[in-house]
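> Pasting in a structure now, in structure tokens, and then I'll have a few things to ask.
What follows draws every value from the coordinates through simple rules; no lab data is involved. Just so it is clear, the structure is predicted and the values come from calculations on it, not from any experiment.
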Amino acid sequence: MSVIDKLKQMLKGHEGPAGQGIDKAGDFVDEKTQGKYSRQVDTVQDKLKDQLGQDQDKPPQS
């Protein structure tokens, strides 16, 4: 089992707070870099949130 799979299992049922944490982390990076990488940060945030949302539709893997 990969690290990503383990994180998904731990976060299952807590997608809302995890999404808020992703937003806060992205805001922190934007603040520290003065928005220089905001487009890249937004892309990473979207991909992470998509990964969290995928667990809802798929059955757990053994």
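> Tell me what the chain gives for mean residue ellipticity at 222 nm when only DSSP H runs of n ≥ 4 count, each as -39,500 (n - 2.57), the sum divided by the residue total, rounded to 500 deg cm²/dmol. Intermediate results must be reported in sequence, preceding the final value.
Working: 3 runs with 44 residues, N = 62.
Here the helix-only value at 222 nm equals -23000 deg cm²/dmol.
> Right, something else. Which pairs, out of Lys6/Lys36; Lys8/Lys36; Lys12/Lys32; Lys8/Lys32; Lys12/Lys49; Lys6/Lys32, put more than 23 Å between their alpha-carbon atoms?
Cα-Cα > 23 Å for Lys6/Lys36; Lys8/Lys36; Lys12/Lys32; Lys8/Lys32; Lys6/Lys32; rest within.
> May I ask for the Kirkwood hydrodynamic radius of the chain, worked out over all distinct Cα pairs and given in angstroms to one decimal?
About 12.6 Å for the chain.
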